[in-house]
Every structure is written in structure tokens, then in C-alpha cells.
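Undergrad: First, the structure itself, so that you have it in front of you.
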């Protein structure tokens with residue numbers, strides 16, 4: 001990737017349809033709390049290149065101080081830190097009624113650790129090692145979520161419409177029949193329209209699994225979904241983002 | 001609780017029994033000694049009495065001749081004076097001169113000068129046959145020699161012998177009975193305490209390292225053993241925690257630079273426009289990914305093997321399988337394979353649903369990967385009262401000799417080396433099976449491979465599915481705030497409220 005992805009994200013942010021568009025006037029602020037210097041440097045550099053304003057704290061104490069005193073749009077917190085560890089930082093942040101989305105980074109990829117992270121008040125959990133594109137996609141999802149309207153029961157992306165109550169999908173006004181799982185997959189993609197959604201995100205959120213599926217199972221599901229929502233129509237709406245994942249995008 | 005061979009197989013009982021046998025043997029030896037010395041003593045006493053009689057008779061004969069001897073013998077033979085004496089004096093032609101025997105006993109067994117014989121009707125009142133031990137003498141007279149026989153009825157010695165044998169038998173029977181009963185009681189007492197230790201050990205083996213042996217108040221050998229075991233368990237737990245710590249640190253310390261390597265490659269890719277360079281870098285990223293995936297899989301297996309039961313919940317196996325099948329069945333269909341499911345509803349188990357889902361996913365993934373044509377079948381059945389999960393394919397299968405081997409880490413069959421995979425899929429299944437106490441069987445599907453994962457028997461819950469609390473297959477969600485409510489996974493509580 002990922003100049004194209006970053007550009008796409010920026011242009012996406014500038015879209016007038018976004019109710020949070022005033023936030024895009026100044027760049028999004030990200031706090032990175034990570035003790036490993038090289039990893040931190042890389043994170044900071046990569047995020048800056050992707051258009052974020054980044055603050056970095058190298059230990060738990062500084063991290064907690066920054067998290068409590070500065071307004072951020074998203075925080076990226078390593079689990080294992082000198083000083084207060086990631087969990088207690090996020091617990092303190094949540095106690096102070098700060099609702100900034102938090103993404104945990106950790107080499108501990110167990111479900112238990114993940115649950116502990118989410119219980120402490122984290123919003124997402126990314127196990128090291130991760131692809132940078134995965135991190136960007138998740139940050140994007142978190143930013144959207146924090147501004148997103150509560151549960152919509154009617155979703156519309158371009159000429160694709162989904163009625164969650166009637167369990168009905170229309171494209172160009174024509175009914176598309178989906179299996180329940182395809183329906184959920186499409187719903188997730190529609191709720192994250194315009195963003196890159198990675199295979200892991202789909203596996204975690206649509207199937208709620210937290211393991212490496214070893215094979216391209218997700219691709220198979222996507223290709224089946226394409227057969228129904230794209231193939232019968234002139235313009236494909238579900239894009240593959242090379243090296244990252246998928247994107248439901250009516251613009252292209 | 002299963003006792004190996006019941007109480008008779010217990011070591012305490014066998015020791016008590018062996019001790020009883022040794023004790024019985026020493027009782028027999030003691031009795032034998034007492035028996036022989038007592039009976040010998042009685043016989044010796046009789047012989048001494050006979051000698052005394054004979055000496056008396058010889059003196060009488062020297063003093064008063066045959067006539068005096070006859071009178072003396074007849075007086076001694078009188079039942080009023082001597083109850084068990086046997087006397088006979090015959091002349092050289094064999095006619096009886098005195099005594100209480102009719103004639104010289106024909107059945108006398110001569111043993112030098114001692115003779116043993118039986119005789120009927122020694123006394124009128126006595127109907128029994130008397131056993132006699134006697135001594136014969138030749139008394140030299142002037143014209144002729146007289147033969148003198150002096151004996152004693154030794155029936156009472158025989159009686160004594162009989163009684164001694166009787167009491168030996170009785171004593172032995174009592175000894176053995178007490179030994180067996182005592183052994184039974186002792187071994188039950190000790191077995192109960194040892195079984196408590198065994199139970200704890202078994203619980204620990206099944207993964208709950210926090211268990212400790214209860215130490216009884218008496219500070220005896222078993223108490224010492226319990227203390228020793230507990231100290232050992234503390235040590236093991238420390239080591240396990242240390243190992244976990246180390247593996248976590250390894251994960252942190254080694255995967256971080258690996259991540260960085262991958263990230264640098266990603267960064268390089270971002271600044272490279274040359275398609276050839278991009279391809280090289282993308283290849284390097286893919287290599288790094290597969291390295292990282294292998295590393296992650298090894299860590300996952302280590303964790304699954306460590307078997308933390310903290311994440312164990314009761315879950316509906318049927319629902320879990322359906323979801324994994326839902327994820328993987330398109331993979332099989334895409335490859336032109338038939339995907340068959342046969343799931344018995346209403347079965348629940350206890351475990352980590354995420355791990356079991358992953359194990360099943362690995363099995364289905366393997367089945368699809370190695371099967372070129374035919375079908376992949378997933379079944380949930382009950383085998384001897386335990387839920388069993390079966391994944392069968394019509395692929396090349398695994399030769400019997402390699403069925404244990406394929407469960408080992410990084411082992412791959414020669415024929416499958418060309419296909420993608422790390423050789424860790426089945427190892428993870430084996431690790432999950434181990435940490436859950438499940439039985440893992442690899443069999444021939446004729447053709448193909450048939451893998452069975454049999455859940456352990458559950459306490460009480462297996463027969464009564466209504467009583468078992470069945471939680472939804474996946475109580476853990478990444479993100480409770482996002483995503484719409486899933487219509488097909490309503491919690492029992494919500495269903496009840498609706």
C-alpha cells in the first residue's frame with residue numbers, strides 16, 4: 001500500500017456526507033503509548049505519513065499524563081509498558097469519563113488477554129505482529145465508530161440499500177437474496193463503507209473468531225457475495241484493496 | 001471413583017496379606033516346635049516310668065525270685081494301682097506267668113528292645129484299642145529264661161498330639177482371619193487417604209494447577225507425602241508460570257523485531273514505484289508473514305497445551321459446529337467437494353469455545369486442502385454417552401504408521417510438502433484435545449482420513465441436557481458496541497424474557 005489508501009481515507013474524510021466533517025479540517029490526533037523505541041518510531045512515522053498528528057509517550061506514566069490532559073481522537077496503547085501498564089492506563093482514562101477510542105497493541109494475542117483489554121475499556125485489540133494496513137484500517141473504523149449514529153436500521157451505499165428490519169437488500173431497486181451470513185457480511189461492509197476492512201476485521205466482527213483461519217476462507221465468502229451484489233450489475237461496488245482487504249465504495 | 005482392582009488390588013491390602021502369611025508361617029513353625037518337644041516329653045516320661053518299673057522288677061527278682069516277681073507284676077498290673085501300665089511275664093515256652101496281657105503280642109514291632117503294638121480290650125471298661133509302647137527284657141533264671149514286657153498305653157500322647165494339631169489349625173485360622181480383616185480395614189483407611197491424593201493429582205493433570213492435596217492433622221508418612229507433593233506442585237506452578245512468562249517475553253521480544261522487519265518492508269513498498277522491486281518486497285513480506293504465522297501458531301499451541309481452564313465455559317457444541325461449518329463449507333464447495341453435515345442437536349460441553357472452534361476449523365481446513373474429489377463430512381454424535389465430533393474426508397488419508405507423527409509439531413507427510421501449510425494444524429488440534437481431556441482418534445475413512453474428537457464424560461450434565469446451562473457458543477465478542485444484534489444467537493435469558 002498505501003499512498004492510495006491514505007489518499008482515499010483523506011478524501012473520504014472530506015466527504016460532505018460525513019457528519020463529523022469539521023474534524024477533518026485539522027488532522028486527527030493520535031496518541032501512541034509504546035515503550036519499544038523502534039516500534040514507536042515506526043508507528044509515529046507511518047501514522048504521520050498517513051496524515052495523522054501523532055504524540056508519543058515512551059512509558060506508562062507519560063502516557064497516562066498525556067491521555068488525561070490532551071484531547072485525542074484515538075489512542076494506541078501497548079499492553080506491556082514500564083510504569084503503569086496498558087490496562088491500568090485505560091482503566092484510569094475511562095474512570096475520568098474520557099471516551100476516546102482505544103486500540104490495544106500487544107504481543108499477547110490470547111482471547112483471555114483480548115477480553116481483559118476490552119474489559120478495561122479498550123475498543124479494539126490488535127495482536128503484534130500486525131500489518132500496518134491492518135492498523136490503519138482499524139484506526140479508521142474506530143474514528144468512524146466514535147462519530148457514528150446509533151444503530152441505523154436502514155443502510156444505503158450508492159445504489160445499494162439494506163433494510164435491516166425487513167431483512168431485505170436492494171441494488172438499483174432490484175431485490176438481492178442473501179444468506180444470513182452474507183447478509184451480516186454485507187451489513188458490516190456497508191457500515192464501514194468507504195473504509196478498508198481487513199480479513200481479520202471481518203473474521204472478528206462477522207464471525208466473531210479470534211484466530212488465524214490459515215486459508216483464504218474470507219475471500220471465498222467475499223467472492224460469493226460479489227456473485228450476488230456485483231456480478232448482475234454493470235458497476236462493481238465491492239473493491240479489493242491489495243495487501244489490505246476490501247472496501248465497499250460507490251465512488252469508483 | 002475407579003479403584004484399580006478394588007480393595008484386593010490395593011498395595012496396603014497386599015502387604016497386609018503378605019504379612020499375615022509370614023505371620024502364619026511363623027505360627028506354624030512355633031507350633032511344630034512345641035508339638036514335637038511336648039509329645040517327645042510325654043513319650044520320654046512314659047519311657048522313664050517303664051525303666052523305673054523294670055529296675056524295680058529286677059531288684060524284686062534278685063531278692064525274691066520268680067514267685068516274688070509274679071506277685072509284684074500282678075500288683076503293678078492291677079488297674080487300681082496303675083491305669084496305663086502294660087505288663088507280661090512269660091516263661092521259656094511262652095506260657096503267661098503274670099501280667100495283664102493274655103499272651104505275647106503278635107503285632108509287636110520290635111525296635112531293638114522297644115516294641116510298639118496295639119491291643120484290644122486291655123481293660124474291661126475300655127472298648128478302645130490301646131496303643132502300647134513297651135520294652136522287652138530277658139530275665140535269666142536258673143533253669144530257664146523268663147521274658148518280661150513292660151509297657152505304657154500311649155493313647156493319651158496321641159490325644160495330646162491331636163489336640164495340639166487342632167489348636168494349631170484353630171490358631172492359624174484365627175491368625176489368617178484377623179490378618180485379612182485387619183488388612184482390609186487398614187488398607188481401606190490408608191486407601192481413602194491415598195485416593196484423596198490421587199484425585200488431586202488427577203485434577204492437576206487435567207490442567208488445574210491450583211489444586212493442592214489436603215494435609216491431614218497427623219504428621220505421619222502420608223502427611224509428609226502430601227506436604228512433599230504440595231511443595232512439588234508449588235515448584236511446578238512456579239516453573240509453569242515462569243515458562244509462560246518466558247514464552248510471553250519471547251513473544252514480546254522476538255515478534256516485535258519481526259513486526260518491525262515486516263513494517264520496514266511495508267514502508268519500503270510505500271516508497272517504491274518500480275514494479276520489479278515491489279514484487280521482491282511483496283515476496284519478502286509474504287515470507288515474513290508465513291514466518292510470523294508459524295511463530296504465532298507455535299505460541300498458540302504452547303498456550304493451548306498449558307491448558308488454562310479459566311476460559312472454560314459450558315457451550316452448545318451444535319451451535320459452535322454450525323458456525324465453523326458456515327465459515328468453511330463454501331471453501332469445500334468452491335473446490336467442487338460435497339460438504340456433508342450430520343449434527344445431533346442439544347449436546348453441550350465444557351471448554352474454551354474459541355479453541356475448539358479453531359481445532360475444528362483446522363480439521364475442516366485440512367480435509368478440504370487434501371481432498372481433491374469426493375466429500376468432506378462433519379458429524380456430531382454421541383459415542384458411549386460422550387459427544388463426539390467427527391471430520392471425515394475422501395482424500396489420500398494418513399498411513400497408519402504416521403498417524404501419531406502427524407500430531408507432532410512441524411511434521412508433514414512427504415506427499416503434502418508441496419502444498420501450503422505449516423505442519424501445525426493437527427498439532428494444535430492435539431494440544432486442544434489434551435487441554436480439554438478430549439480423546440483424539442485418527443482412522444482410515446476408506447478412503448481418506450477420519451478424525452474423531454471425543455469430549456470427556458461430564459459430571460451429571462451429559463444425560464440431562466435441560467439441566468445443563470447452555471450458553472451461546474461465543475460469549476466473547478471483540479466489541480460489544482459495534483454490530484447489530486445477531487438474530488440467531490439470542491442468549492437464553494433474552495429468549496426467556498421475550
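Undergrad: Using the structure shown, decide if residue B:16 is in a helix (DSSP H, G or I), in the same structural domain as residue B:147 (by TED's automatic domain parsing) and loosely packed, with under 12 Cβ neighbours inside 10 Å. It would help to see each step written out before you state the result.
TA: Numbers: in a helix (DSSP H, G or I): yes; in the same structural domain as residue B:147 (by TED's automatic domain parsing): yes; loosely packed, with under 12 Cβ neighbours inside 10 Å: no.
No; evaluated as a whole, the condition is false for this residue.
Undergrad: Could you check, for the range A:132-140, whether at least one of its residues is over 30 Å from residue B:301 (Cα atoms), buried (at least 18 other Cβ atoms within 10 Å of the Cβ) and not assigned by TED's automatic domain parsing to the domain that holds residue A:188?
TA: Just the residues of the range A:132-140 that are over 30 Å from residue B:301 (Cα atoms), to begin with: A:140.
Pick out the ones that are also buried (at least 18 other Cβ atoms within 10 Å of the Cβ) and you get A:140.
Applying the additional criterion that residues be not assigned by TED's automatic domain parsing to the domain that holds residue A:188 yields A:140.
Yes, the conditions are met somewhere in the range A:132-140.
Undergrad: How many residues does the range A:115-124 contain that are crowded, with 24+ Cβ neighbours inside 10 Å and modelled with pLDDT under 90?
TA: Number of matching residues: 1.
Undergrad: Considering the range A:203-219 alone, what residues qualify as being at pLDDT 85 or above and more than 7 Å from chain B (Cβ to nearest Cβ)? Explain how you work it out, then say what you get.
TA: Step one: filter the range A:203-219 for residues at pLDDT 85 or above, giving A:203-207, A:217-219.
Answer for the range A:203-219, where residues must be at pLDDT 85 or above and more than 7 Å from chain B (Cβ to nearest Cβ): A:203, A:206, A:218, A:219.
Undergrad: Next up: Can you tell me how many residues in the range A:99-122 are more than 28 Å from residue B:288 (Cα to Cα) and in contact with a helix residue (DSSP H, G or I) (Cβ under 7 Å, 6 or more places away or on another chain)? Before the answer, list the steps.
TA: Restricting attention to the range A:99-122, the residues satisfying the condition of being more than 28 Å from residue B:288 (Cα to Cα) are A:99-101, A:116, A:118-122.
Subsequent filtering for residues that are in contact with a helix residue (DSSP H, G or I) (Cβ under 7 Å, 6 or more places away or on another chain) retains A:101, A:116, A:120-122.
Count: 5.
Undergrad: I've got another one for you. Of the residues B:188, B:163, B:193, B:155, which is under 55 Å from the mean Cα position of the chain (by Cα), touching a residue at least 24 places away in the same chain (Cβ under 8 Å) and under 30 Å from residue B:100 (Cα atoms)? It would help to see each step written out before you state the result.
TA: Details: B:188 fails: under 30 Å from residue B:100 (Cα atoms); B:163 fails: touching a residue at least 24 places away in the same chain (Cβ under 8 Å); B:193 fails: under 30 Å from residue B:100 (Cα atoms).
One residue alone meets the criteria, B:155.
Undergrad: Could you check how many residues of the range A:63-91 are part of a helix (DSSP H, G or I) and either in contact with a helix residue (DSSP H, G or I) (Cβ under 6 Å, 6 or more places away or on another chain) or without any contact (Cβ under 8 Å) to a residue 24 or more places away in the chain (or both)?
TA: Going residue by residue through the range A:63-91, those that are part of a helix (DSSP H, G or I) are A:63-69, A:86-91.
When the remaining residues are screened for being either in contact with a helix residue (DSSP H, G or I) (Cβ under 6 Å, 6 or more places away or on another chain) or without any contact (Cβ under 8 Å) to a residue 24 or more places away in the chain (or both), the result is A:63-65, A:67, A:69, A:89.
Summing the residues that are part of a helix (DSSP H, G or I) and either in contact with a helix residue (DSSP H, G or I) (Cβ under 6 Å, 6 or more places away or on another chain) or without any contact (Cβ under 8 Å) to a residue 24 or more places away in the chain (or both) in the range A:63-91 gives 6.
Undergrad: Right, something else. When you scan the range B:257-271, how many residues do you find that are buried (at least 20 other Cβ atoms within 10 Å of the Cβ) and under 56 Å from the mean Cα position of the chain (by Cα)?
TA: Selection size over the range B:257-271: 2.
Undergrad: Same structure, new question: Residue A:174: away from every other protein chain (no Cβ under 11 Å) and under 27 Å from residue B:365 (Cβ atoms), yes or no? First the steps, then the outcome.
TA: On the way: away from every other protein chain (no Cβ under 11 Å): yes; under 27 Å from residue B:365 (Cβ atoms): no.
Answer is no for this residue.
Rundown of residues vs (1) assigned to a loop (DSSP other than H, G, I, E, B); (2) within 25 Å of residue B:157 (Cα to Cα); (3) in contact (Cβ under 8 Å) with a residue 60 or more places away in the chain, yes/no style:
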| site | (1), (2), (3) |
| --- | --- |
| B:52 | no, yes, no |
| B:67 | no, no, no |
| B:80 | yes, yes, no |
| B:86 | no, yes, yes |
| B:105 | yes, yes, no |
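Undergrad: Continuing with this model, one more query. Are any residues in the range B:370-394 crowded, with 19+ Cβ neighbours inside 10 Å and not in a strand (DSSP E or B), and if so, which ones? Don't jump to the end; show me each part of the working.
TA: Let us first name the residues in the range B:370-394 that are crowded, with 19+ Cβ neighbours inside 10 Å, namely B:370-371, B:376-378, B:380, B:387-394.
B:370, B:371, B:394 - these are the residues of the range B:370-394 that are crowded, with 19+ Cβ neighbours inside 10 Å and not in a strand (DSSP E or B).
Undergrad: Follow-up. When you go through (1) modelled with pLDDT under 85; (2) away from chain A (no Cβ under 14 Å); (3) surrounded by fewer than 17 Cβ atoms within 10 Å (Cβ to Cβ) one by one for residue B:445, which number turns out not to apply?
TA: The one condition residue B:445 does not meet is (3).
Undergrad: What is the number of the single condition among (1) over 24 Å from residue A:128 (Cα atoms); (2) modelled with pLDDT under 80 that residue B:255 does not meet?
TA: (1)
Undergrad: State whether one or more residues within the range B:336-345 are in a strand (DSSP E or B), buried (at least 18 other Cβ atoms within 10 Å of the Cβ) and within 13 Å of another protein chain (Cβ to nearest Cβ). Give the steps one after another, and end with the answer.
TA: Residues of the range B:336-345 in a strand (DSSP E or B): B:338-343.
This time we only want the ones that are buried (at least 18 other Cβ atoms within 10 Å of the Cβ), so: B:339.
Next, from what is left, pick out any that are within 13 Å of another protein chain (Cβ to nearest Cβ): B:339.
Yes, the range B:336-345 has at least one match.
Undergrad: Let me ask another. Looking at (1) more than 14 Å from chain A (Cβ to nearest Cβ); (2) at pLDDT 85 or above, which is the only condition residue B:407 fails?
TA: (2)
Undergrad: Mind listing whichever residues of the range B:269-281 are within 17 Å of residue B:292 (Cβ to Cβ) and either more than 10 Å from every other protein chain (Cβ to nearest Cβ) or touching a strand residue (DSSP E or B) at 6+ places or on another chain (Cβ under 7 Å) (or both)?
TA: Just the residues of the range B:269-281 that are within 17 Å of residue B:292 (Cβ to Cβ), to begin with: B:269, B:281.
Answer for the range B:269-281, where residues must be within 17 Å of residue B:292 (Cβ to Cβ) and either more than 10 Å from every other protein chain (Cβ to nearest Cβ) or touching a strand residue (DSSP E or B) at 6+ places or on another chain (Cβ under 7 Å) (or both): just B:281.
The values are calculated or read from the model by the stated rules, or taken from the named source; none is laboratory data. All of these numbers come straight from a predicted model, not from anything done at the bench. Cβ: placed from backbone, ideal geometry, glycine included. Neighbour counts: every protein chain shown.
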